[in-house]
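Following: one structure in structure tokens, then a few remarks.
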Amino acid sequence: MINKRISFILILAICFSLLPFTSFAQAASISVKLSNYIGNTRSINLTSVGEYKLANGNIRMSGKDRFAVANNVASSGWTKSDTVILVNYKAFADALAATPFAYYKNAPILLTLPDRLESQTLQKLKELSPRTVYIVGGTGSVSTSVGSELQKFVPEVRRIAGRDRFEVANKLAAQIPNNGKAVIANGLVFADALSIAPYAARNGYPILLTAKDSLPSYTKSALQGRQSTLIVGGTGSVSSAVAGQLPSPRRIGGADRFEVSANIVRELNLPAETAFISTGLSFADALTGSVLAAKQNAPSLLTRPDRLPAAIDTVIDEKKISSFTILGGTGSVSEAVVASLPNEVRLAEGTSYSVKNENNRLVLYKGTQKLKDFGSSQFALVPARYSTANQIKLNNKPYLGKMEFYLENSYVRPINRGIPFEDYLKGVVPHEMPASWELEALKAQAVAARTYSINSVGKVVDDTQYFQVYGGATWINDYYQQRTNRAVNETAGKVLRYNGNPISAVFSSSNGGYIESNANAWGTALVPYLNAKQDDHDPIIQWSIPMKKTQINMEPYNTNLKNPGHWWGSIKEADSKVTASIKNWLYKKDINYANTEIKIVSINNFIISPERTTGDRSIKATLDIDVFIRYPATNTYKLNSAKEIEKINVKKTLSIGEFRSMFGASVFKSHLLDPVTYKADTDTLYINGKGYGHGVGMSQYGAKNMASKGISYVNILKHYYPNTSLGN
């Protein structure tokens, strides 16, 4: 279907004195917000052809404090969660072994003050709606008052506590299935345990704690029945004497905590497409981020706040890690550290990805694997270079160049950024006029589309008929669209001018045999090239809207008008689409019907006022209908004095534009109306009209008709845009 201009843009003058217009057109670009073919959706599927990568592969999960960071992490991984783990924001001893248990329960870890829930954590808990909250630590770490506060809105609150951190780790280990393996880390420092936490969690290994030179009894107990252990830390953390008491020990050590975290990635050969980075000088961010890292199968690397340690830099280079999630604000991981990280995530050609709105956060998936959570920030995918060899396909429709994503009213909204202007036109012309039409008509369309949009160069425009329909890069491989490419190429740089300035080259599908003026259509000042006049070239497309006068046959219901409750819901009007349009308009536009339910009993008449524009368009009409009214809030009906359901007569005198909006522009196709007719044998009223669209400027069907008679595109444009000049 050909799309119509339904708005008018007054074009301002552009000065092209510094370079030829063709050079401008070749260098200029335009950006397009995509909705026409994408729709309003919370998820968009994408694949790539050639090379595409994230413009910025690194993101930061930060907040004003460690509570906010934990909540931000939870928002990234969980919209709702049956289980939440709660730990003291300072007591790392209790929390060290919590990650494998949290991962097993698919639960985020949140932080609390010792004696009360911090307000933002309370809000996050309510958003997550858990059935169970596990408090990790004794009452000296998280008081009973916190548990009491939780019980007000959480069905079950449990506590995992012990005499010391070693017993707490033992009890946490008992909560997950014993697969015969365990991790051993020093329980008096946090770094080694948190570095291994994502790996341990994902593989179902509990983290058991030890003193440097002695193995606590609780840990010995937890090791029973296990066949192997992984020691994290050098002999300065876990001595050889302790290692000798462990079943089949394997050690991953390092000169310091940073090298240990690097060696974990290296020696375990962990997947390293992406990694989490957190400060190695405090525990909170690494702890709350560890479960999310496990969910994303990403390792945890530690850094100094102000610089990247050499061991971390080396393993990033060795493993070719190209994407990072930074945990914490700039006080924990500075911008200097982030700037020193690689920043490149490449899409695998032909692999399925998706961009989703999850919990009002923009998330990139590779299949079912979450690659990146961008929060509320926008992100972009960019090609190695702009070319037809590099394409990004959204819902299987190809586009070229940079694709940016952001959230718009909860929908994932793409913007195709910086499209070379002539390539943009190649994506417009075949979606405004069928590519199979005569070449001269296509050339006229190319010039009109170029002129219409030239003042929007450098801006963001819609891809809908409210501006111009843009269909992306389907022109690359479509056989018929090679003809529209030819039309664009053979008119390259050509525009229509009036008094030296580009005109507003509006167009519509069909004018019904009479061109309308811009002044009549939109109330703007009349311009000499958009006058109303007869058009002998338009094929005069006829249309009509049939409407049954009797929408509801009341015979079965007349005896029950005092008791409509049992039959109201079963009533169906004869023309459901027509009546739905009328009712929706009344609900939205007339306050008297805003909170009602309406049944249209009959459509009595549609009376067109005799006034006409100079373009022969009707100006207003009156719709006459009878309705029944119900009030759902009280389950009552509009009754008459006899306590029977009352038939209400409604007359609405509106502009033809309002009626077109009511019925829909694809149904009520123009303002050029013929007399209403009535066929008594079918009890049907017909609203009749000619043309499709506003009728101002070029008629696309008229251009086709002229081209089929051998008339050139130059003369087609002269006919529809008189008093203008065509040139570069």
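We did not get these values from a lab; they are worked out from the coordinates using the rules stated. Quick caveat, the model's predicted, so the values are computed rather than measured. FYI the Cβ positions are ideal-geometry reconstructions off the backbone, even for glycines, and counts take in every protein chain you see.
Remark: the chain projects, on average over all directions, an area of 41.6 nm² (convex hull of Cα atoms). Note: relative contact order over the chain, using C-alpha pairs below 8 Å and six or more positions apart, is 16 percent. Distance from the Cα centroid of region 472-538 to that of region 259-312 is 59 Å (rounded to whole angstrom). By the beta-carbon count within 10 Å of each Cβ, the least crowded to most crowded order of 270, 230, fewest first, is 270, 230.
Put in line by how crowded their Cβ is, counting other Cβ atoms within 10 Å and starting with the fewest, 239, 641, 410 read 641, 410, 239.
Cβ-Cβ distance of residue 339 and residue 224, R₀ of 45 Å, FRET efficiency by 1/(1 + (r/R0)^6): the value works out to about 0.40. Put simply, when 519-525, 257-263 are sorted by average Cβ atoms within 10 angstrom per residue, most first, you get 257-263, 519-525. The angle separating the long axis of helix 165-174 from the principal Cα axis of greatest extent in the chain is about 60 degrees.
The trypsin sites (Lys or Arg not before Pro) of region 308-356 meeting both criteria, a DSSP state outside H, G, I, E and B (loop) and at most 12 other C-beta atoms within 10 angstrom of the site's C-beta, are 320. The slack in the chain from residue 306 to residue 161, taken as 0.36 nm per residue of separation less the alpha-carbon distance, amounts to 48.6 nm. Each residue of region 124-141 was assigned a 3J(HN,Hα) from its phi angle through the Karplus curve 6.51 cos²θ - 1.76 cosθ + 1.60 (θ = phi - 60°); the sequence is 5, 4, 5, 5, 6, 6, x, 7, 9, 10, 9, 8, 9, x, x, 5, x, 8 Hz, with glycine and proline shown as x. Determine the distance separating the Cα centre of region 329-372 from the Cα centre of region 139-198; give it in Å without decimals. So the two Cα centres are separated by 30 Å. Taking only the C-alpha atoms of region 61-339, the Rg (one decimal) and the largest Cα-Cα distance, Dmax (whole number), read 17.6, 51 Å. Taking the average, over residues, of other Cβ atoms within 10 Å as the packing measure, peptides 306-313, 505-512 rank 505-512, 306-313 from highest down. Inter-label distance, residue 620 to residue 408: 3.5 nm, where each label sits 7 Å from its Cα along the C-beta direction.
Each listed q (0.17 Å⁻¹) maps to a log10 I(q)/I(0) for region 416-530, found by the Debye formula over equal Cα scatterers with no solvent: -0.86.
Remark on region 321-420: Rg and Dmax equal 14.8, 44 Å (Cα only). Rounded to the nearest 500, the helix-only mean residue ellipticity at 222 nm of the chain stands at -8000 deg cm²/dmol, with each DSSP H run of n ≥ 4 adding -39,500 (n - 2.57).
Working note: Cα gyration tensor of region 542-690, eigenvalues times five, square-rooted, sorted largest first, giving semi-axes of 30, 17, 12 Å.
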